[in-house]
1. Could you tell me whether the range 688-695 includes any residue that is in contact with a strand residue (DSSP E or B) (Cβ under 7 Å, 6 or more places away or on another chain), at pLDDT 90 or above and in the same structural domain as LEU130 (by TED's automatic domain parsing)?
2. For the range 398-425, what are the residues that are modelled with pLDDT under 90 and either under 25 Å from THR109 (Cβ atoms) or aliphatic (A, V, I, L, M) (or both)?
3. Condition test on PHE300, is it under 21 Å from ILE225 (Cα atoms), among the hydrophobic types (A, V, I, L, M, F, W, C) and out of contact with any helix residue (DSSP H, G or I) (no Cβ under 9 Å at 6 or more places or on another chain)?
4. Before we move on, is LEU631 in contact with a strand residue (DSSP E or B) (Cβ under 6 Å, 6 or more places away or on another chain), of a type in the set (A, V, I, L, M, F, W, C) and surrounded by 15 or more Cβ atoms within 10 Å (Cβ to Cβ)?
5. Regarding the range 582-596, can at least one residue be identified that is over 23 Å from the mean Cα position of the chain (by Cα) and modelled with pLDDT of 90 or more?
6. Would you pick out the residues in the range 370-406 that are buried (at least 19 other Cβ atoms within 10 Å of the Cβ), within 22 Å of ARG306 (Cα to Cα) and under 26 Å from the mean Cα position of the chain (by Cα)?
7. Could you count how many residues in the range 619-646 are touching a Leu at 6+ places or on another chain (Cβ under 9 Å) and aliphatic (A, V, I, L, M)?
8. What's the number of the only condition in (1) modelled with pLDDT of 70 or more; (2) surrounded by 14 or more Cβ atoms within 10 Å (Cβ to Cβ); (3) out of contact with any Phe, Trp or Tyr (no Cβ under 8 Å at 6 or more places or on another chain) that ASP473 fails to meet?
Amino acid sequence: MKLINVFVFMIFASAAAQSTFNLEGKVLSNGKPLPYANVYIESTDKGATTNENGVFSIPNLDAGNYIIVASFAGYTIQKKTVKIKAKGSYITFNLNEDDALDEVIITGTLKAVSRLESPVPVEVYTPAFLKKNPTPNIFEALQNVNGVRPQLNCNICNTGDIHINGLEGPYTLVLIDGMPIVSGLSTVYGLSGIPNSLIEQIEVVKGPASSLYGSEAVGGLINVITKLPENSPRFFVDAFVTGWGETNLDFGFKAQVGKKATVLVGTNYFKFDELVDNNNDNFTDLTLQDRISIFQKWDFKRVSNRKLSLAGRYFYEDRWGGELQWNKTYRGGDAIYGESIYTSRFEILGNYELPLSEKVNFQFSYSDHDQNSVYGITPYLAQQRIGFGQLIWDKKIDKHDLLFGTALRYNYYNDNTTATIGADEVTIPSLFIQDEIAFNKKQSLLLGMRYDYDSRHGNIFTPRIAYRYKPTDNDIIRLNAGTGFRVVNLFTEEHAALTGARDVIIEEALQPEESYNVTLNYLKKLYLDNGIYFTFDTSAWYTYFTNAILPDYDTNPNEIIYSNLDGYSTSKGFSLNVDAVFGSGIKASIGATYQDVSQTENGQRIKQILTEQYSGVWSLSYKNYKTNLTLDYTGNLYGPMRLPLLGDLDPRQEYSPMWSIQNIQATYDGLDNLEIYAGVKNLLNWTPNKGNPFIIARADDPFDENVQFNGDGDVIPTTDNPYALTFDPSYVYGPNQGIRLFFGVRYYLN
């Protein structure tokens, strides 16, 4: 009987074995085997990895229909439907490279071209970059861009600006969809409130771009490009919270309006209302914020596919920082110190292609910014309005790709400080021309010239030249040179200008700052036989400034003195970016920058304050396709920088230590249209107070009630004030926010 049972069992086991089958196949790229690629069955945990010959095998599959997915980091994912039959099946995949260098860019030349064909080096950051380290605004997201550093300027209000290659924020121009609406007063706040879910890509140009964009583009520019409505999901939500109590919400939708219009609506809401004082100075470590931003973009269908788009954004923010006991009843008073800022602004921008046989576009923007703020007992009330319009004619003649343009910029600014006796109002007309000459497939030359007329400074010319040489398909050499200019605005939001009634002294007829720049860029793509490839992107630059205008608050405490620098300043250095794509879903990138920024006056050379000599960024991503899990590790590192001390007796460190912010995140995307992510920010729990006796000077006496001065206005050391300090929150070079967890979800409905 036992023998019969064994015999029957063997028969059933054999039948069961014959009812499952193997799926075999091969993964190729450009006709060559692609080793270590992932092949798996969608919505299951069954899969395999190709061997060195690109061959794979998935055993023990029941008969039926399956969706088979082949993937490899840096390549476009491919899916195929397979019917498993009695004899099994064989399938072949051909994966195409997903090369980010072929992305279309517009910032370098004001027209859409491939990154590989552009004579101007442009860095592109996609939504995938923003997802590696989720942030509530673009300002914080830029902390992982090589050579770009978000600089906090105040420990209390936490406002800041963007440094490119070591140059201060006023030298960086920020654009939204190519329009210069984030500048002047709004530079501090313009990068907050743009829903990250609506961003198509961020383009970064390092070095002067004044020949196309005018003043403020001396150090470089950042162009935030929003999605077209037709490329956006029908509905989206992206929300996350942190262990510090921060809440960020992006949500929006698109809709068809009639037969010829599509509208995209997005809203960002951010709130943080927790009192945190980990360094025990009785001041908030992080500014409390409550802000909302509503964005709307319309796209219209026209005859012959001519462009017509219109966008608008409204932004409101209430932020404050200060002593922990502060509330709005103390606003503007001298009982409890607080810095409270109400910001209200709206923007409109559009692009209209004229109904002509030639390709002529009219682009326009307008922004209105109103700020009501107090710094202790000092009110700062300011309004700024910027209107901009330009006509661009794009014309190709044989080997010449021409661009003609004319622009008109209107700027109005007024505030209640002594630096602005009357409203500052100016209209600047401009003309520019650009010619890109394609000698052959390997060489091209770009020549450009811009003319601006400023009634305060007269005629201003800014030429540039860019040469591109492509010896092979995998090597590109770019040489750029040109001039830049910046008209300094005699209004400021620096705390030094708000501490009392200062007289504004203009020692001479101020001339615009001028710069001369040369940049050499080399890009190399390296492909290995096993499917791994690298991209090397390195640049060296030198910029020479004349007529630099720096406000002098130190010579006389009762005056703000403006004059052109009696000397020159320079910015020079080099940077290297390496991107690598490995097998099994691994991507990595690392960037490093070395720079030397200084000014020379009366034969004395001084390094620029709050400027690091070297910095680095990195990211490491691993995607496990079978489990739909992605791990991201990102970080940055900054070398020492000279810090703003208040005198020889100040006990705080003159130079910052080397410091680093590192983050880790896990994302699961195995559910339809849903992503779940969580991680840790600032893994090392680094904050700038480590190694310093205090960060905010005289935090126990914010109104300087117990500070004594001599006849020259200098502080006198006393028993209560042995270091001869005044209240000062400007000793800041990094965020005060320590380690924290975060958790979020994303939902898209296409």
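The values are calculated or read from the model by the stated rules, or taken from the named source; none is laboratory data. Because the structure is a prediction, the values reported are computed rather than measured. Heads up, the Cβs are rebuilt from the backbone with ideal geometry, glycines too, and the neighbour counts pull from every protein chain shown.
1. No.
2. Result: ALA419, ILE421, ALA423.
3. Yes; evaluated as a whole, the condition is true for this residue.
4. When the stated conditions are applied, LEU631 passes them.
5. no
6. PHE388, GLN390, listed by residue number.
7. 5
8. Of (1) modelled with pLDDT of 70 or more; (2) surrounded by 14 or more Cβ atoms within 10 Å (Cβ to Cβ); (3) out of contact with any Phe, Trp or Tyr (no Cβ under 8 Å at 6 or more places or on another chain), only one is false for ASP473: (2).
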